[in-house]
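Q: Got a structure for you, questions after.
The values are calculated or read from the model by the stated rules, or taken from the named source; none is laboratory data. Remember, predicted model here, so these are calculated numbers, not experimental data. Cβ sites come from the backbone with ideal geometry, for glycine too, and all protein chains shown count toward neighbours. Just the protein is used for accessible areas: all its heavy atoms, side chains included, with ligands, DNA and RNA removed. Shrake-Rupley method; radii C 1.70, N 1.55, O 1.52, S 1.80 Å.
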Amino acid sequence: MQKFQQYINGAFSDGTAHFESRDPATGQVWALMPEARRDDVNRAVEAAERAFFSPEWADMTATARGKLLMRLADLIAENAETLAKLETRDTGKIIRETSAQIAYVADYYRYYAGLADKIEGAHLPIDKPDMEVWLRREPLGVVAAIVPWNSQLFLSAVKIGPALAAGCTVVLKASEEAPAPMLEFARIFDQAGFPKGVLNVITGFAAECGAVLTRHPKVDHIAFTGGPDTAKHIVRNSAENLASTSLELGGKSPFIVFEDADIESAVNAQVSGIFAATGQSCVAGSRLIVSSKIKEAFLARLKEKAEAVVIGAPDDMATEVGPLCTNGQLQTAVDLVAASEKAGATVITGGKPLDHDGIYFPPTIIDCSAAPDAPCLTHEFFGPVLSVLSFDTEAEALSLANDTAFGLASGVFTKDLTRAHRMIRGIRAGIVWVNTYRAVSPIAPFGGSGLSGHGREGGLQAALDYTKVKAVWLRTSDEPIPDPFVMR
């Protein structure tokens, strides 16, 4: 059995306690994880604060920070296979996905490495002739970065990358569910040459770890990816330290298909949008809104594809859908499908857990045409379950798309360019994909609104969000400042 350690102030150590991690594909305990509690969290935050103010980091040039990030990117690329295997083992995410994603994670660090010395201030054309005024962008301080188990190396890269590029220091809390990849990432980070304390990696449970971290008086910013309910607790906790927050939360993304769309292309994108990563993605296209004119043909082809998906062991390159990560997710899927059927929805395929040692739930399609209030349309499954509605008019499609408290991602499939632009304007979401789905890049911002949170990750804006603006006034006149109490 493997035993992992936390990473605090440039050193590896056991947590206050340990907890077990189970392999979702087999249900067997395979590793012991360090459980950080209050004292561990305090040590991590204090190490990050010392590093933030230390000359070794604070006086480092932005170009030098960029070179360290570039070195980190190279190390991630060199260790991609190890990281992918660990993520697959601990989360159940299939190896073909973890391998591809981790290879791309290195590019995110390269992007922020290049951006580090391009975070610029500004000169103001001030309305006073004897003054020069300019703005400096300075790092926020200590960042608490909190990531979930799914896509954790990617979701940490879009926090660590811009935060370090801006000159912040970071305490990363990995999810207590499947933290192995992030604890291994700490070993890779340790080789990159950053000053000690610049990044600290811990994991633990809500009360003794997460809550202590998010209300810590020395934390200046909280970057969180996860569910809306947890985010509400974090926002309440941030009242204790007045830390700023960026929240990337859940989604119930509409996937809209018009009658003129390329059906085969849209079906393939829908399969990727909901069944890839076993549906365990915040941008999963979990609400299919399809034109009634093509609904029957579209669902027939989609059902055929869904039932042909290869379900199996996550470490097998032939597997296309693996297990869910936790038993809680499985129970959520079972309960929501049952409640939706009771409300009048019809399961087209799937809908029942598979008879397997691991936590397996098959690709599932639910027709909600006769049940517009079915709970599967409003609740995030975080599993491979697609809910289906149809429409007759463009206005109806837009109304259905916006009938959600979430606002993260959306997809529109049509060959009509003017219609596409109308939908782009009308959909309330942070991302609109047109004739594609799940495309990402370090250059493009990522984020949503409503219950999907606020703030953006990726792109230049993410780096700027880890800075604060300082206004500098310089008087250029050699004349003495007049006595303010002498009348002239």
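Q: When DSSP beta bridges are limited to those with both residues in the chain, what percentage is antiparallel, rounded to the nearest 5?
A: Values: 28 of 68 bridges.
Of all bridge pairs located within the chain, approximately 40 percent are antiparallel.
Q: Ok, one more. Roughly how many debye, to the nearest 20, is the charge dipole of segment 1-160 about its Cα centre, given +1 on each Lys and Arg Cβ, -1 on each Asp and Glu Cβ, and no other charges? Please report the intermediate quantities before stating the final value.
A: Working: 19 positive and 23 negative charges, 68 e Å.
Computed about the Cα centre, the dipole is about 320 debye.
Q: Quickly work out the D74-to-K118 label distance, labels modelled 7 Å from Cα along the C-beta direction, and quote it in nm with one decimal.
A: Distance between label points: 2.1 nm.
Q: Taking +1 at the Cβ of each Lys and Arg and -1 at the Cβ of each Asp and Glu, which of V212, L199, L183 sits farthest along the dipole of segment 180-275 towards its positive end, judged by Cα position relative to the Cα centre?
A: V212
Q: Please list, ordered by chain and number, the residues whose modelled amide H lies under 5 Å from the amide H of F194; skip anything fewer than 5 residues away on the same chain.
A: none
Q: Related question: From the cross-link list K93/K342; K252/K342; K303/K352; K93/K305, which pairs have alpha carbons spaced over 24 Å apart? Don't skip to the answer; put the middle values down first.
A: Values: K93/K342 31 Å; K252/K342 21 Å; K303/K352 15 Å; K93/K305 20 Å.
Long pairs (Cα-Cα over 24 Å): K93/K342.
Q: Mind checking the dipole of segment 178-335: about its Cα centre, +1 per Lys or Arg Cβ, -1 per Asp or Glu Cβ, Debye to the nearest 20?
A: 520
Q: Using a Förster distance of 30 angstrom, determine the FRET efficiency expected from the C-beta separation of D229 and A308, and round it to 0.05. Walk me through the intermediate numbers first.
A: Working: r = 36 Å, r/R0 = 1.19.
E(calc), rounded to 0.05, equals 0.25.
Q: Excluding K305 itself, what net charge comes from residues whose Cβ is under 13 Å from its Cβ, given Lys and Arg +1 and Asp and Glu -1? Walk me through the numbers on the way to the answer.
A: Numbers: positive: R301, K303; negative: E264, E304, E307, E320.
Cβ neighbours under 13 Å give a net charge of -2.
Q: What residues qualify as long-range amide H neighbours of A223, i.e. H under 5 Å apart, gap of 5 or more or another chain, H built at 1.01 Å from N?
A: Those lying under 5 Å, H to H, from A223 are A144, A145, I146, S246.
Q: Please list, ordered by chain and number, the residues whose modelled amide H lies under 5 Å from the amide H of N435; skip anything fewer than 5 residues away on the same chain.
A: V412, F413, T414
Q: Calculate the length of the line joining the C-alpha centroid of segment 371-405 to that of segment 224-273, in whole Å.
A: Between the Cα centre of segment 371-405 and that of segment 224-273, the gap is 14 Å.
Q: In addition: Accessible area per residue for the chain in Å², computed with a 1.4 Å probe and the full protein assembly in place, what is it? Please report the intermediate quantities before stating the final value.
A: Working: 20440 Å² over 488 residues.
That works out to 42 Å² per residue.
Q: Continuing with this model, one more query. Between V486 and H454, what FRET efficiency comes out of the Förster formula 1/(1 + (r/R0)^6) with R0 = 60 Å and r the beta carbon distance, rounded to 0.05? Don't skip to the end; give the middle numbers.
A: Numbers: r = 51 Å, r/R0 = 0.85.
Result of the calculation: an efficiency of 0.75.
Q: Next up: Length gain on complete extension for the stretch A338 to F12, per 0.36 nm per residue less the alpha carbon to alpha carbon distance?
A: Numbers: separation 326, 0.36 × 326 = 117.36 nm, distance 4.62 nm.
Additional length available on full extension: 112.7 nm.
Q: For the chain, with only Lys/Arg (+1) and Asp/Glu (-1) charged at the beta-carbon, what is the dipole magnitude about the Cα centre, in debye rounded to 20? Don't skip to the end; give the middle numbers.
A: Working: 46 positive and 59 negative charges, 129 e Å.
Magnitude of the dipole: close to 620 debye.
Q: Another question, if that's okay. Would you mind counting up the charge near H221? Only other residues with Cβ under 12 Å from its Cβ, with Lys and Arg at +1 and Asp and Glu at -1. Intermediate values should be presented prior to the final figure.
A: On the way: positive: K159, K218, K468; negative: D220, D465.
Neighbour charge sum, excluding H221 itself: +1.
Q: Oh, and also: Of all accessible surface on segment 183-305 at a 1.4 Å probe, what whole percent is carbon and sulfur?
A: Values: 2090 of 4090 Å².
Carbon and sulfur atoms account for 51 percent of the accessible area of segment 183-305.
Q: Arranged from highest to lowest average of other beta-carbon atoms within 10 Å per residue, in what order do the peptides 36-49, 122-135 appear? Let's see the in-between values first.
A: Values: 36-49: 21.9, 122-135: 11.2.
Ranked from most to least packed, the peptides come out as 36-49, 122-135.
Q: When the Cα centres of segment 139-192 and segment 289-363 are compared, how far apart do they sit, in Å?
A: Cα centres, segment 139-192 to segment 289-363: 32 Å.
Q: Taking a ≥ b ≥ c as the square roots of the Cα gyration tensor eigenvalues, with a/c under 1.5 meaning rounded and otherwise prolate when a/b beats b/c, else oblate, which class fits segment 270-363?
A: On the way: a/c = 1.85, a/b = 1.29, b/c = 1.43.
Judged from the Cα gyration tensor, segment 270-363 comes out oblate (a/c at least 1.5, b/c at or above a/b).
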